[in-house]
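The next block holds one structure in the form of structure tokens; read it before the comments.
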Amino acid sequence: MWRTLSGLLLLGGILAADDLSDRKAIDAVIVSVFNPQVRSDPRRMAKLTGSDFDGNLDLLPVRTVWCETNCESYRVHSVKLVTTDVAVVDGESTVGNVWVSRWLMVLKRDAPIGWRISLIRSFGPSPLLGGNRLAGN
């Protein structure tokens with residue numbers, strides 16, 4: 001019984017390590033999408049997106065290289081590994097502390113290259129950007 005339990009714990013540790021390395025690789029792809037040097041280079045962007053890519057990356061803001069306040073950025077809310085080769089990433093684009101849009105990405109593992117973006121959807125601007133709603137207008 002102890003051998004079985006030890007084997008399960010060992011296998012769980014190995015799978016968790018794989019999950020951690022996948023999440024780090026997925027995070028690297030997300031960071032690259034918001035990097036201005038990557039976004040301005042079509043060859044580098046081609047390495048981030050799959051051949052079946054569906055969506056419009058231009059809807060995501062590019063981080064400003066030199067920015068002191070109210071910089072464009074992003075937040076990842078969740079990374080879900082649906083299968084060993086498919087992940088869904090939910091996040092938002094921000095300017096300062098205000099969200100500009102929410103987005104959803106589906107990434108697929110491409111054996112020789114690694115994780116690549118297969119689909120991206122961006123959902124509308126923040127209600128706070130549509131005028132002075134805080135003042136009741």
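Listing for the model above:
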read-out	value
Count of residues meeting criterion [crowded, with 16+ Cβ neighbours inside 10 Å and touching a helix residue (DSSP H, G or I) at 6+ places or on another chain (Cβ under 6 Å)] in the stretch 31-47	2
Breaking point among (1) assigned to a helix (DSSP H, G or I); (2) β-branched (Val, Ile, Thr); (3) open to solvent by less than 30 Å² (accessible area, probe 1.4 Å), for Val89	(1)
Top-ranked residue of the stretch 55-84 - restricted to ones that are open to solvent by 70 Å² or more (accessible area, probe 1.4 Å) and charged (D, E, K, R), ranked as modelled with the highest pLDDT	Lys80
Meets criteria (open to solvent by less than 90 Å² (accessible area, probe 1.4 Å) and modelled with pLDDT under 90) for Gly12	yes
Within the stretch 100-137, tally of residues that are at pLDDT 75 or above and surrounded by 13 or more Cβ atoms within 10 Å (Cβ to Cβ)	20
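The values are calculated or read from the model by the stated rules, or taken from the named source; none is laboratory data. All figures in this text were calculated on a predicted structure; none of them were measured in a lab. Cβ coordinates were reconstructed from backbone atoms using ideal geometry, including for glycine residues, and neighbour counts include every protein chain displayed. Accessible surface is based on the protein model in full, side chains and every heavy atom, while ligands, DNA and RNA are left aside. Shrake-Rupley method; radii C 1.70, N 1.55, O 1.52, S 1.80 Å.
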